[in-house]
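The values are calculated or read from the model by the stated rules, or taken from the named source; none is laboratory data. What you see is a predicted model; the values in this text were computed from it and never measured. A quick note on method: Cβ atoms are made from the backbone with ideal geometry, for glycine too, and the neighbour counts reach across all protein chains shown. Just the protein is used for accessible areas: all its heavy atoms, side chains included, with ligands, DNA and RNA removed. Shrake-Rupley method; radii C 1.70, N 1.55, O 1.52, S 1.80 Å.
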Amino acid sequence: MPRISLTVNGKPVAHEVEARTLLVQYLRETLKLTGTHVGCDTSQCGACVVHVDGRAVKSCTMLAVQADGARVTTIEGLAPAGKLHPMQQAFHENHGLQCGFCTPGMVMASVALVQGNPDPTDAQVRHGLEGNLCRCTGYQNIVKAVLAGAKAMRT
Amino acid sequence: MHDFNYLRPKSLADAVAAFKNAGDGRYLAGGQTMIPVMKQRLASPSDVIDLSQVPELKGIAVNGGIVAIGAMTSHAEVAASKDVQAAIPALADLASGIGDPHVRNRGTIGGSIANNDPAADYPAAVVGLNATVVTDRRRIAAADFFTGMFGTALEEGELVTRVEFPTPEAAAYEKFLHPASRFALVGVFVARTKSGVRAAVTGAGPCVFRETVLEQALTRTFAANAVKNIDIDASNLNSDIHGSAEYRAHLVGVLAARAVAKAR
């Protein structure tokens, strides 16, 4: 089996994995980082979004072996334990979630969006979240949360 | 997904050799179609050859009116490239609208055209701009590259290395998104070039095609009004639950007019 070594949430990890292991399976089942969710498993819903070398990717559509040597950040790695990242705080305050299933992917997508565009418009937020589906909120409060999170990240 | 032998060659020669030595090899570019296809077991290759470390497939170069894009360049890189934005803004704009941000961070131009999905965006630019597809063994004109639904002129093991786009005088791409999948129900790429006007249509038929009715009308007058209510033959277009052939034919004219209006 191929051996991979990478950095996940700042910590170096190394394992032997089957080549067919998806990055999300490696994160959830091997590393027990179950904050990253599998929603559709067909590359559409975005619940599995994590950052690989600073870029948002769907971890159900990437092999673990492709992350060999990479720097991966999951929802668990956004803020120190017990603390919330400004974007997580903004989702909390703006009612940007109901059931919460899509939230880890939404937050990771939003953080990547704001890192590339610190002061996005409403339309840019909606375009930036095209790869993330939410079946509860109707998106209105998610957009509000991202705009508030962006503001918090700027200050 | 069935397991496979994973290879990550460090050069073009090694990648091509790995394919030759494989029982049932498949190249892996960005994986945004390939991995879902393997998950569904529609493909179960014995060997997967990851192209991410092949330097010959990387980079964007603008030289003498040609924009050359390495096959492993992601959609996000093309969209963000100042060189592409300056030389062919329509191409950067098209790349910025493929799939979603996460897909654009992984998906590549080489993977997109080698797959030739009937609703893919890049084939419209390749045909609309009369690009040349360069492979490990030859140069293929856009007119010869796309041969049918998911079909290309690529031979067994032949690897796309880059795509060369001639700079047009003006061009633009417009698509009508399927509201759920965000794939192009119809997409139209128009270009005014030194050698004439070209109009390529994706999503509407089994494979990207040039619409001569549009090209003739736009050759007379390169203006939105020239194509707005144009009569497009629906007989070879797709008809499915998302839209009838007649609806798609109508969209071809509407989108062509929008594209002409924003062409620069």
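Whole angstrom only: what separates the Cα centroid of the range B:113-149 from the Cα centroid of the range B:168-216?
Answer, in whole Å: 13.
Please work out the C-alpha center-to-center distance from the range B:62-95 to the range A:49-99 and express it in whole Å.
A separation of 29 Å, based on Cα centres.
Kyte-Doolittle cut-off 1.0, length cut-off 24 Å along the helix's own axis using Cα: show which whole DSSP H helices in chain B pass.
Span-like helices in chain B: none at all.
What distance in nm separates the two pseudo spin-label positions at residue A:155 and residue B:61, each 7 Å out from Cα along the beta-carbon direction?
Calculated label separation equals 5.0 nm.
Average partner chain C-beta neighbours within 10 Å, per residue of A:48-61?
Averaged over the peptide's residues, the number is 4.
Return the value, in Å² to the nearest 100, of accessible area buried between chains A and B (probe 1.4 Å, both sides summed).
So the total buried area for this chain pair works out to about 2200 Å².
Multiply the residue separation of residue B:149 and residue B:10 by 0.36 nm, subtract the distance between their alpha-carbon atoms, and state the gained length in nm to one decimal.
Gain on stretching residue B:149 to residue B:10: 46.9 nm.
To the nearest 0.05, what FRET efficiency results for residue B:193 and residue B:225 with a Förster distance of 22 Å applied to their C-beta separation?
My answer for the efficiency is 0.55.
For the range A:3-77, what's the relative contact order in percent, using C-alpha pairs closer than 8 Å and at least 6 residues apart?
Relative contact order here is 42 percent.
Please determine, in degrees from 0 to 90 and to the nearest 10, the orientation of helix A:140-154 with respect to the longest principal axis defined by the Cα atoms of chain A, where the helix direction is its Cα long axis.
80 degrees
At 7 Å along the Cα-to-beta-carbon direction for both residue B:242 and residue A:99, put a label point, then send me their distance in nm to one decimal.
Each label point is offset 7 Å from its Cα along the Cβ direction, giving 2.5 nm.
Scanning chain A for trypsin sites (Lys or Arg not before Pro) in DSSP loops with at most 12 other Cβ atoms within 10 Å, what's the longest stretch left with none?
A:84-134
When DSSP beta bridges are limited to those with both residues in the protein assembly as shown, what percentage is antiparallel, rounded to the nearest 5?
Of those bridges, close to 85 percent are antiparallel.
7 Å from Cα along Cα→Cβ at both residue B:85 and residue B:41: what's the point-to-point distance in nm?
For the pair residue B:85/residue B:41, the computed spacing is 4.7 nm.
Using a 1.4 angstrom probe, figure out how much accessible area chain B has per residue, in square angstrom, rounded to the nearest whole.
42 Å²
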